[in-house]
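Visitor: Got a structure here, written out as structure tokens. Questions coming.
The values are calculated or read from the model by the stated rules, or taken from the named source; none is laboratory data. Note that the coordinates shown come from a computational prediction; the quantities given were computed from them, not determined experimentally. Cβ placement follows ideal geometry from the backbone for every residue including glycine, while neighbour counts extend to all protein chains displayed. SASA here: full protein model, heavy atoms, side chains in, ligands and nucleic acids out. Shrake-Rupley method; radii C 1.70, N 1.55, O 1.52, S 1.80 Å.
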Amino acid sequence: MLSRRIVPRQGTVGMMMAVLAALFTTAADFSSYAAADSVKFLFFAGIEGSGHHAWRHMWRHNGLRKMKNAHVAVQHIISHENNTSHDNNKTIYVTSTRLNSALLNGHEGRNVFNPQTAGDLEMAIRVVEDEVRTFASQLKNKRVVVVINTAGGNMMSYPFGGGGGYKAIHMPNMEFLARVIDDVRGDLRVVVLLRDPALAVSSGIRRGYYHSEGYHCGIAEGGDQDRARCEMEYVRLATQGQRLIFEQLHVLSKRSWACSTLAMPDDHAEVVRSRINEDLYAHLDVATNGLRMVTDDIIAKCPAHIRTGEINAISSWLFA
């Protein structure tokens, strides 16, 4: 499996280099052969402020089952089917705390997206493999969707918060997800979250991410001058995250990803103005031009579009 293939028994430096080489080697069309009845693993890819929390609100009201791990989830789903009149056309949505922790939320850096050591990375990879393998092998012929993020815990945005260190390198890796899920005949599906760049940026700035620990851009004695600089750095960081999403999509087949655009409110200008400094607002088109171009590139290539929060549309797309 993946852990045996990419983590040879060698020194720490050599092991880390092998891991990174495997994770960032491009391979086309992952999940392109997965059967229609395969368990779906659903990942939402988006920059901060693009709509993760809108989907989280939707899951709360649509029966998503939060489970400790894949083994508990499998037992719950099978026993529920045995004890009730099961509708074969009903989609079951679950999330696994163990899987989510192994990808990002694990304590002491023992996770895939933000490991502290190569040993932590290896352990996390094996946990992800075990979780995916359990879901994929024991729930065949069932309409089951494992929601990787947006259901709780860290939203895994580009970049994500938490975990310490420099936030500019805190980016999820769809290539890794595609590899490990493809390895055990699972089916990774990705929904790219899109939003008007001005609103996405202003949302992130409003919540203060640009001056939180790890962005190295605190506001001190410089006041408004420091704030203007920090907010512009945040715009560049959001653009970097969006560009990485666009590049990582190349490893997926067209059937494996779709877009979801968060609707723009009627008071767009007033909302943006209330969140950012006057300099950024006065030059917003220029400041967000790079982010807008990358967003437009994603929209132009998007093979399918799903309205935010429409669970029936998600189900139809996943099991078409």
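Visitor: Identify the residue in the stretch 153-168 that is modelled with pLDDT of 75 or more and open to solvent by 10 Å² or more (accessible area, probe 1.4 Å) and, among all such residues, is nearest to Phe43 (Cα to Cα).
Guide: Taking the candidates together, the pick is Met155.
Visitor: Something else: Can you confirm whether Asn89 is at pLDDT below 90 and under 30 Å from Val201 (Cα atoms)?
Guide: No: the conditions fail for Asn89.
Visitor: Something else about it: Do you know which residues across the stretch 306-316 are assigned to a helix (DSSP H, G or I) and touching a residue at least 60 places away in the same chain (Cβ under 8 Å)? Quick ask: steps written out before the conclusion?
Guide: Filtering the stretch 306-316 down to residues assigned to a helix (DSSP H, G or I) leaves 311-316.
Result: Ile311, Ile314, Ser315.
Visitor: Would it be correct to say that Gly222 is farther than 30 Å from Asn89 by Cα and either of a type in the set (Gly, Ala, Ser) or at pLDDT 90 or above (or both)?
Guide: yes
Visitor: Name the residues in the stretch 272-305 that are of a type in the set (S, T, N, Q) and not in a helix (DSSP H, G or I), would you? So that I can check it myself, show each step before the final result.
Guide: First pass over the stretch 272-305, keeping only residues of a type in the set (S, T, N, Q): 274, 277, 288-289, 295.
Asn277, Thr288, listed by residue number.
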